[in-house]
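Trainee: Below are the structure tokens for one structure; questions will follow.
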Amino acid sequence: MTRSSAIGAATRRNEDHRLLTGTALYVDDVHLEGMLHVAFVRSDYAHGLLRDVNLSAALALPGVIAAYAADDLGDYWSPGPLLVPPPPIERCEFRSATQVPLAKDKVRHVGEAIAMIVAESRYIAEDAVALVEVDIEPLPPVATTEGALAEDAARIHDQFDSNQAAHVVQEKGNYETATANAALRVKRRFRMDRGASAPMENRGIVAQWDERCAELTIWDTTQAPIPIRNGLAHMLGLPETHVRVIAPFIGGGFGPKIMMFYPEEVLLPWAAMQLKRPLKWIEDRQESFFATTQEREQIHDAELAVDSDGRILGVRDSFLCDTGAYNPYGLTVPINSQCTLLGPYDVPNYWSEFQLVFTNKPIVTPVRGAGRQHGVFVMERLLDLAAAELGLDRAEIRRRNFLPPDAFPHDHEILYQDFAPLVYDSGNYEPALDKALEMIDYDRFESDLQPAYQANGRTVGLGIVSYVEGTGVGPYEGARVTVQTDGRVCLATGVGTQGQGHFTSFAQLVAEPLGVSAAEVDVITGDTSHFNWGTGTFASRGAVVAGNACYAAALAVRGKVLATAAQALEADESDLEIEGGCVNVRGEPDRTISLGDLAARANPLRGAVTPGTEPGLEATAYFGPERGSTASGVHAIVLEIDRETAQVDILRYVVVHDCGKVINPMIVEGQIHGGVAHGIGNAFYEELVFDEGAQLMNASFMDYLVPTATDVPHIETAHITTPSPLNPLGVKGVGEAGAIPVGALFAQAIENALGADAPEVLEMPHSPNRLFELLQGDPDA
Amino acid sequence: MIIQSEYLFDADRPTVYAGLQNPEILARALPGTQTLEIVEGTRYAGEMVVSVGPVTAARFEVSVELTDLVEPESFTMLVGGKGKAGFVDGRADVRLEDRGAQCLMVYKADLGVGGRVASVGQRLLDSVGKAMSQRGLKAVDRMLQ
Amino acid sequence: MKPAPFEYVRPASVEEAISALTEGGYAAKALAGGQSLIPAMNFRLAQPAVLVDLGGLDELRGIHPRDDGGLVIGAMTLHREVEHSSLVAEHLPLLAEVMPWIAHPQIRNRGTVGGSLAHADPAAELPSVMQVLDAVLHVQGPDGVRTVPIDEFYYGLFTTALEPDELLTAVEIPPLPAGSRSAFEEVSRRHGDFALAGVAAVVQEAEDGTVARARLSLLSVGDGPVLAERAMACLAGRTLTAESIREAAALTSEDLDPPGDIHASAEFRRHLAGVLTTRALDRLRA
Ligand SMILES: Cc1cc2nc3c(=O)[nH]c(=O)nc-3n(C[C@H](O)[C@H](O)[C@H](O)COP(=O)(O)OP(=O)(O)OC[C@H]3O[C@@H](n4cnc5c(N)ncnc54)[C@H](O)[C@@H]3O)c2cc1C
């Protein structure tokens, strides 16, 4: 039995056969004749003056073809572009310093690239790396976010008088006057540490220069092939049409692969043109811990003011955000934190200030969630603390503050990362909370289950938190749909794919209007020779922005199909229906023609057409929403703590999620599962530990702990559907949702488990070692 | 990384103190040191080949400087090591105490470790630091006999 | 992450392997399962000039029963073979119990008993287990064969009684004395990670129900396996009660000087050692 491919059906994934049989193409699968291999010399020091780079011993090694330091790049050496300029916020100071292809004069983080070696094999290239003599005069490193702004902190960028990269204030209402008579204020300091995106596949690039055709082809693990193509064409002085960027199958993106331009991305194409040989560089796991961007270090000083019923009067937050050694991604992360803090709640007064600071650590750009975790953590923790003070139930304090269903669109009166005002399009929060409470057995937990655990000497706690996720931001994406003469449908879109199931959900969006099955739709993503308008896969926007473009293109093709069929069948369009790959006259099964035959008719080889006729059953469409759509959800957990060993075990995990109309529930659940796994990592396992020298202490999977299959529990999910009015399909994004609230959830559940005298959990991640310290009553350890 | 420990020498305090000013004996305190020569006064430089567990034959250029010398009680040792596997940089405060005919060394080293040894070897740094310092002092002790 | 160049030899006999090691001197390394050595080489922390692959030495494989119920396990026997051995399950339940704690199935499919014992990682489980089982190590070098009792095998961090040109050929484990019970306890961050702390315990009960002999060895809290000697002594002649167990656990913690790392401070490790000792001994109460 074939499964339904209708929009909303759990259609089996088109891509899985290739992925599971090892026949999908990844960048490292590209093997070209005469291909050379690249390795990089990277800094051991976090901060220092680069006195000398001596390549002569490396160049003398047999098998080494070329070696480059910054000075060898000539005019091509140039700092990368500021990828995301700051939004037009009134009170915003911003200073930008972007990454460089190879360090010149100075190194600013451990692992920064200093020289590039090209050799006959990766082995030889790495042997040569070991022969490069680098003379660095160490400078005092800026190792912490707070330390960055100290009077005597070393300056990372000499052109600025401090390490402050930005200072931004956004305000709504007036916090001071509105909260003057608040019944309660809770104020705390919250910390979130750094994590890696840790994709299964690291980054990689293959560059091939075809001199005869003057064409450059690049296979790149990027989430944004089109902007990479356009940028590289510009840098290399080539017409855009002569640069082809292919982002084939990619083993996970999670944000850092949207960064551009990475040094390696700029250097390989250039060197391939210089050497006239194809080049390959595959990032190894160790490099990935330094050379791929990271995220999450923030420190918030936040205060919540409520009235005696627990209703929010206002929030005041001042935070520091680490951007690492450079800030090519502008303010996206801290603005996401600033905006997402407001959550599903009615916050009439808000004062939020942040400082973005440079440190001698790897560059920060969005990683799945992209700052949203931090806002949710702060708000949810403040609500928990307020509820405890007021003797209010934690679910109740949330319920009382939810924006009601008739409050939409709701304007939060501040600007979001997409430069548009933070306006929630739609939402219905209470049913999600009720559903989650029911699924996690909230009432019985408090009254029966927890006391029963306690009686057995077990320490078990429950957590329940809400969140929103801004998704589906613009500017736009496009898609082209073509019916082929064999009746199959080809769909090309510009976004890259890193495991999201695009080959299936996009296929469903096209299959339904064209009356075919999803399996009959061949999807092409991420190849600029097939589609070259668009921006990329990020910010949970694929389904919303590209999805609606696919749907619009399919509807346009449907129009052409019907018009062509009306002629062929000599019937009125309104009497036609499309089903099973054929167009029929309703009620007359003999009057039928297949999509393939129609495609052939639409592209005649001889004869004449009516002037103005466009050939083929093909259409291209674009979609750009006015602004992003706001998804939401509630997560609930039951966890057990071993008080003696400080180990935590998850007993149950519930997600109730609202991403508007669901295209494929199986894929949505998969996204949520992956997100929760990521969130569990961020909450409990994953922390990039830097010492006082800004040296990363855990640059391997032995010490950087990603939750494994045995650490991720069974996840129970349910959906609430509140369509978005901002796009024809009514969809919202889901890519990051699973990851966002997990830290806050863990913290609440740990406190709940430990009972009345529980230490406050104000930071994430929360390792057993940290829990041990707290249990020992040593919060400052 | 902080390494804090003690070592009981089978020699008296003046002998231990004087011995540690001798580059040939001082070299023993840093296991794997192949050469250590006086650069000037109490500054020394040389080469070290470290083998501990999974680390084999990692070469380091080392520099040592003894400062704040209070004979025969205490001194500070500034150490630096640099090689392909990474670098070490820091200081050790050393105090010598009489224990009858023996001498107790109390030391506290504050070392910054960088590069590959730090980024993939963190699990063992503490143990390696402790073990290497003890092994070194044992070798010095033997030399002093 | 590619290793530096090295020479590779694959000897056909133990003698050949030993002469290859002798020739290579300190620059030669035996390669067993490679699960510890190869990562170190790929990080270029280990750069042996010669790799002597023991993979072809079938004489070093296998689990052989002794007449008295003891076992001789060849150095090249895979962790996985021990894990699934019915002989081991029957005669040495402690060894069977510990195997799933060693890394992950993929690694146990390649890692060897001899590699684990010779490598002497302070976080490894097998050295502690062999210690409480009173194992004897079979060593072969250019001058022939010798045996080393386990208590004399570990010298310090990653250091054993093996000379660079000696091979560990087998480990011989006597049968558990009558009246013995054993237990293993460990805490790690994720399943399969190196332990934050662990303990292996064997207690032999006398006719009268008192402890005739106790063996307690801890892992990941020192330079190698750490025998909890005072705790062992304090249990001898007493029955296992909440009181005596508490005392033994306290002595165990007290006597340690554990290292700290990013996953567990010295303090936390010391605490865990006490908790795990209590749990292991609790399981051994009649
Ligand atoms: C991800 C990961 C997790 C791990 N977790 C654990 C864990 O939790 N617990 C644990 O105990 N181990 C763990 N290990 C290590 C694993 O158990 C190794 O298999 C074991 O430590 C070494 O065995 P090997 O056969 O692979 O030895 P190899 O790596 O081949 O050799 C290790 C060392 O021993 C020497 N050697 C090997 N055999 C002999 C011999 N017969 N005679 C003399 N010298 C010899 C080698 O020269 C080398 O110096 C882990 C490894 C990995 C990669």
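The values are calculated or read from the model by the stated rules, or taken from the named source; none is laboratory data. None of these values were measured; they are calculated from a predicted model. No Cβ is skipped: glycine too gets one built from the backbone with ideal geometry, and neighbour counts run over all protein chains shown. Note: accessible area is taken over every heavy atom of the protein model, side chains too, but ligands, DNA and RNA are not part of it. Shrake-Rupley method; radii C 1.70, N 1.55, O 1.52, S 1.80 Å.
Trainee: Looking at (1) surrounded by 20 or more Cβ atoms within 10 Å (Cβ to Cβ); (2) within 23 Å of residue A:621 (Cβ to Cβ), can you tell me which one residue A:555 breaks?
Mentor: (1)
Trainee: Looking at segment C:1-90, what helices (runs of 4 or more DSSP H) fall wholly within it and have at least 2 residues that are within 13 Å of the ligand (Cβ to nearest atom) and outside the structural domain of residue C:147 (by TED's automatic domain parsing)?
Mentor: Those helices (runs of 4 or more DSSP H) span C:14-24, C:37-42.
Trainee: In segment A:612-625, which residues are at negative phi and out of contact with any strand residue (DSSP E or B) (no Cβ under 9 Å at 6 or more places or on another chain)?
Mentor: Across segment A:612-625, the qualifying residues are A:613, A:614, A:615, A:625.
Trainee: Could you check residue C:159 against (1) among the polar types (S, T, N, Q); (2) outside the structural domain of residue C:124 (by TED's automatic domain parsing); (3) surrounded by fewer than 21 Cβ atoms within 10 Å (Cβ to Cβ); (4) within 12 Å of the ligand (Cβ to nearest atom) and say which number it fails?
Mentor: (2)
Trainee: Consider residue C:146 carefully, then state whether it is within 8 Å of the ligand (Cβ to nearest atom) and either not small (Gly, Ala, Ser) or not assigned by TED's automatic domain parsing to the domain that holds residue C:69 (or both).
Mentor: no
Trainee: Consider residue C:118 carefully, then state whether it is in a helix (DSSP H, G or I), out of contact with any Pro (no Cβ under 7 Å at 6 or more places or on another chain) and within 15 Å of the ligand (Cβ to nearest atom).
Mentor: Details: in a helix (DSSP H, G or I): yes; out of contact with any Pro (no Cβ under 7 Å at 6 or more places or on another chain): yes; within 15 Å of the ligand (Cβ to nearest atom): yes.
In short, yes.
Trainee: Something else: Against the definition (surrounded by 19 or more Cβ atoms within 10 Å (Cβ to Cβ), in a loop (DSSP other than H, G, I, E, B), within 10 Å of the ligand (Cβ to nearest atom) and not aromatic (Phe, Trp, Tyr)), how does residue C:123 come out, yes or no? Spell out how you get there, then give the answer.
Mentor: Values: surrounded by 19 or more Cβ atoms within 10 Å (Cβ to Cβ): yes; in a loop (DSSP other than H, G, I, E, B): yes; within 10 Å of the ligand (Cβ to nearest atom): yes; not aromatic (Phe, Trp, Tyr): yes.
Answer is yes for this residue.
Trainee: With the requirement that a residue be away from every other protein chain (no Cβ under 14 Å) and exposed (fewer than 14 other Cβ atoms within 10 Å of the Cβ), what does segment A:625-650 give you? Spell out how you get there, then give the answer.
Mentor: Filtering segment A:625-650 for residues away from every other protein chain (no Cβ under 14 Å) gives A:625-640.
Answer for segment A:625-650, where residues must be away from every other protein chain (no Cβ under 14 Å) and exposed (fewer than 14 other Cβ atoms within 10 Å of the Cβ): just A:626.
Trainee: While we're on this one: Being facing another protein chain (nearest Cβ under 7 Å), of a type in the set (Gly, Ala, Ser) and on the phi > 0 side of the Ramachandran plot: is that true of residue B:86 here? Steps first, answer last, please.
Mentor: Working: facing another protein chain (nearest Cβ under 7 Å): yes; of a type in the set (Gly, Ala, Ser): yes; on the phi > 0 side of the Ramachandran plot: yes.
So residue B:86 passes the test.
Trainee: Within segment C:226-257, which residues are closer than 14 Å to residue C:273 by Cβ, open to solvent by 30 Å² or more (accessible area, probe 1.4 Å) and in contact with a strand residue (DSSP E or B) (Cβ under 6 Å, 6 or more places away or on another chain)?
Mentor: Selection gives C:226, C:227.
Trainee: Now, a different point. Please specify each residue of segment C:190-213 satisfying the condition of being among the small types (Gly, Ala, Ser), surrounded by 24 or more Cβ atoms within 10 Å (Cβ to Cβ) and more than 14 Å from every other protein chain (Cβ to nearest Cβ). Break it down stepwise before answering.
Mentor: Start the filter on segment C:190-213 by keeping residues that are among the small types (Gly, Ala, Ser), which leaves C:192, C:195, C:197-198, C:200-201, C:206, C:209, C:212.
Okay, now just the ones that are also surrounded by 24 or more Cβ atoms within 10 Å (Cβ to Cβ), so C:195, C:197-198, C:200-201.
Answer for segment C:190-213, where residues must be among the small types (Gly, Ala, Ser), surrounded by 24 or more Cβ atoms within 10 Å (Cβ to Cβ) and more than 14 Å from every other protein chain (Cβ to nearest Cβ): C:200, C:201.
Trainee: State whether the residues of segment A:586-599 include one that is of a type in the set (Gly, Ala, Ser) and in a helix (DSSP H, G or I). Walk me through it before giving the result.
Mentor: Of segment A:586-599, the ones of a type in the set (Gly, Ala, Ser) are A:587, A:594, A:596, A:599.
Now restrict to residues that are in a helix (DSSP H, G or I): A:596, A:599.
Scanning segment A:586-599 turns up at least one residue that is of a type in the set (Gly, Ala, Ser) and in a helix (DSSP H, G or I).
Trainee: Report, by residue number, each residue of segment B:1-49 that is of a type in the set (A, V, I, L, M, F, W, C) and touching a Lys or Arg at 6+ places or on another chain (Cβ under 8 Å).
Mentor: Let us first name the residues in segment B:1-49 that are of a type in the set (A, V, I, L, M, F, W, C), namely B:1-3, B:8-9, B:11, B:16, B:18, B:20, B:25-27, B:29-30, B:36, B:38-39, B:45, B:48-49.
Matches in segment B:1-49: B:2, B:3, B:8, B:48, B:49.
Trainee: Going through A:136, A:156 one at a time, which residue ends up being touching a residue at least 24 places away in the same chain (Cβ under 8 Å), part of a loop (DSSP other than H, G, I, E, B) and either open to solvent by 70 Å² or more (accessible area, probe 1.4 Å) or assigned by TED's automatic domain parsing to the domain that holds residue A:44 (or both)? Working first, answer last.
Mentor: Working: A:136 fails: part of a loop (DSSP other than H, G, I, E, B).
Of A:136, A:156, the one residue that is touching a residue at least 24 places away in the same chain (Cβ under 8 Å), part of a loop (DSSP other than H, G, I, E, B) and either open to solvent by 70 Å² or more (accessible area, probe 1.4 Å) or assigned by TED's automatic domain parsing to the domain that holds residue A:44 (or both) is A:156.
Trainee: To continue, here is another question. Kindly indicate which of C:132, C:136, C:187, C:171 is of a type in the set (Val, Ile, Thr), away from the ligand (no atom under 13 Å from the Cβ) and open to solvent by less than 40 Å² (accessible area, probe 1.4 Å). Outline the logic, then answer.
Mentor: Details: C:136 fails: open to solvent by less than 40 Å² (accessible area, probe 1.4 Å); C:187 fails: away from the ligand (no atom under 13 Å from the Cβ); C:171 fails: away from the ligand (no atom under 13 Å from the Cβ).
Answer to the check: C:132.
Trainee: Looking at A:683, A:694, which one is open to solvent by less than 30 Å² (accessible area, probe 1.4 Å) and within 14 Å of chain B (Cβ to nearest Cβ)? Give the steps one after another, and end with the answer.
Mentor: Working: A:683 fails: within 14 Å of chain B (Cβ to nearest Cβ).
Of A:683, A:694, the one residue that is open to solvent by less than 30 Å² (accessible area, probe 1.4 Å) and within 14 Å of chain B (Cβ to nearest Cβ) is A:694.
Trainee: Any idea how many residues of segment A:695-720 are more than 16 Å from the ligand (Cβ to nearest atom) and in contact with a Lys or Arg (Cβ under 6 Å, 6 or more places away or on another chain)?
Mentor: Result for segment A:695-720: 1.
Trainee: Okay, moving on. So, in segment B:50-62, of the ones that are open to solvent by less than 30 Å² (accessible area, probe 1.4 Å) and touching a strand residue (DSSP E or B) at 6+ places or on another chain (Cβ under 6 Å), which residue ends up nearest to the other protein chains (Cβ to nearest Cβ)?
Mentor: Here the answer is B:58.
Trainee: Is there a residue being within 13 Å of chain C (Cβ to nearest Cβ) and buried (at least 22 other Cβ atoms within 10 Å of the Cβ) anywhere in segment B:98-113? Even if it seems obvious, please write down each step before you answer.
Mentor: To start, the set of residues in segment B:98-113 that are within 13 Å of chain C (Cβ to nearest Cβ) comprises B:113.
Pick out the ones that are also buried (at least 22 other Cβ atoms within 10 Å of the Cβ) and you get B:113.
Yes - at least one qualifying residue is present in segment B:98-113.
Trainee: Also, I was wondering about something else. Could you check, for segment C:91-99, whether at least one of its residues is within 13 Å of the ligand (Cβ to nearest atom), in contact with a Lys or Arg (Cβ under 9 Å, 6 or more places away or on another chain), in the same structural domain as residue C:145 (by TED's automatic domain parsing) and of a type outside the set (Gly, Ala, Ser)?
Mentor: Yes, segment C:91-99 contains a residue that is within 13 Å of the ligand (Cβ to nearest atom), in contact with a Lys or Arg (Cβ under 9 Å, 6 or more places away or on another chain), in the same structural domain as residue C:145 (by TED's automatic domain parsing) and of a type outside the set (Gly, Ala, Ser).
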